[in-house]
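Q: Below is one structure. I have some questions about it.
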Amino acid sequence: MATHATHECVQLVPIFQELAADQLDTIESIVQHHHYQPGETLFNADDPLDTLMIVSGGQAKVYQLAANGREQLLYLLQTGDIDGEAALFENKRRTSYGEALVPTDVCSIRREDFQKLMQKYPSISINVLNVFGKRLTQLERQTTSTATESVEARLANYLTETAASLNVTAFKLPLKKKDLATFLGTTPETISRKLTRFEQAGLITQKAGKVIQINDADQLLLVE
């Protein structure tokens, strides 16, 4: 039975946009819901890659393990992000790990069910191709921004995205500073300096327990 939560989840995904209500109802009928607490595993390396995952709320990290056992952060999943697109078309196994950083809600759709949908609604196939094109563009933009945007801008963007993902204005940093530094292409010391600068400018307030209070999200987004 389709639920309001399922409907919201499906609406988050670009490949389902512009579909009629009855088509959305059909998709909702095959969606499964999962809730993960911080530290819980979404998936492990070598798991079958047979499911499209939709993050309907929260934040998760995707990482690989180096030969020495150290984590290598690949990317973050936040509200509205999808993971496992390749699962919709071919049999593969995962090469990375997924772990919830905060309470995280995920909707999932199995490959077999999704392929049946594409046969029934060709418009979904077109949407999928468009989304893949946008994803490639986003990855290129992310690579470019890492090289051209300032650390301040990348950090400000991370803080505002995290707050929006959690739907709060005050939150504990989900990532350790060393992981956040790796993700933003800088050092933990620089992260600390930039946070202090944001605080001095009145954009944020740093509280006990690594809690960040965002005082002016609009101005944060304008940081260069």
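The values are calculated or read from the model by the stated rules, or taken from the named source; none is laboratory data. Bear in mind that the values here come from a model prediction, so they are computed numbers and not experimental data. Cβ atoms come from the backbone with ideal geometry, glycine included; neighbour counts cover every protein chain shown. Heads up: the accessible areas ignore ligands, DNA and RNA and are worked out on the full protein's heavy atoms, side chains in. Shrake-Rupley method; radii C 1.70, N 1.55, O 1.52, S 1.80 Å.
Q: Mind giving me the nanometre distance, one decimal, between the label points for Lys178 and Leu129, set 7 Å out from Cα along Cα→Cβ?
A: Inter-label distance under the simple model: 4.7 nm.
Q: Tell me, what HN-Hα J-couplings in whole Hz come from the Karplus equation 6.51 cos²θ - 1.76 cosθ + 1.60 at θ = phi - 60° for each residue of the range 64-80, using x for Gly and Pro?
A: Going residue by residue, I get 10, 9, 6, 4, 8, x, 7, 6, 10, 5, 9, 6, 10, 10, 10, 3, x Hz, with x marking Gly and Pro.
Q: May I ask which of Lys92/Lys194; Lys116/Lys176; Lys92/Lys210; Lys61/Lys134; Lys61/Lys210; Lys134/Lys207 have a Cα-Cα span longer than 30 Å here?
A: Result: Lys92/Lys194; Lys116/Lys176; Lys92/Lys210; Lys134/Lys207 exceed 30 Å.
Q: Fully extended, how many nm does the chain gain between Glu224 and Gln206 (0.36 nm per residue separation, minus their Cα-Cα distance)?
A: 4.4 nm
Q: Assign unit charges at the C-beta atoms only (+1 for Lys and Arg, -1 for Asp and Glu), then state the dipole size of the chain relative to its Cα centre in Debye, rounded to the nearest 20. The partial results should precede the final answer.
A: Numbers: 22 positive and 28 negative charges, 153 e Å.
The calculation lands at about 740 debye.
Q: Spelling out what I want: for every residue of the range 37-52, take phi, set θ = phi - 60°, compute 6.51 cos²θ - 1.76 cosθ + 1.60 (Karplus), and round to whole Hz; glycine and proline get x.
A: For the range 37-52, the Karplus curve yields 7, x, x, 6, 8, 7, 6, 10, 4, 6, 5, x, 9, 10, 9, 7 Hz.
Q: Which aspartates and glutamates does Lys172 reach when only Cα atoms under 16 Å apart count, and residues fewer than 8 places away in its own chain are ignored?
A: Glu161, Glu199
Q: Report, in whole Å, the centroid distance computed from the Cα atoms of the range 194-224 and the range 75-100.
A: Here the answer is 31 Å between Cα centres.
Q: Turning to a different aspect of this structure: For the chain, what is the accessible area per residue in Å² when the probe is 1.4 Å?
A: Spelled out: the 1.4 Å probe surface of the chain, per residue, equals 54 Å².
Q: Output the Kirkwood hydrodynamic radius of the chain, Cα pairs only, in Å rounded to one decimal.
A: 18.9 Å
Q: After finding the eigenvalues of the alpha carbon gyration tensor for the range 34-120, what semi-axes result from the square roots of 5 times each, listed largest first in whole Å?
A: Three semi-axes, in Å: 23, 17, 9.
Q: Compare the Cα positions of Gln37, Ala201, Asn130 along the charge dipole of the chain (+1 at Cβ of Lys, Arg; -1 at Cβ of Asp, Glu; about the Cα centre) and return the one farthest towards the positive end.
A: Of Gln37, Ala201, Asn130, it is Ala201.
Q: Run the numbers for Asn167 and Thr196: contour at 0.36 nm per residue of separation, minus the present Cα-Cα distance, in nm.
A: 8.1 nm
Q: Ok, one more. 5 Å is the cut-off here: which amide hydrogens, built 1.01 Å from N in the peptide plane, fall below it relative to Leu42, excluding neighbours closer than 5 in sequence?
A: Gly98, Glu99, Ala100
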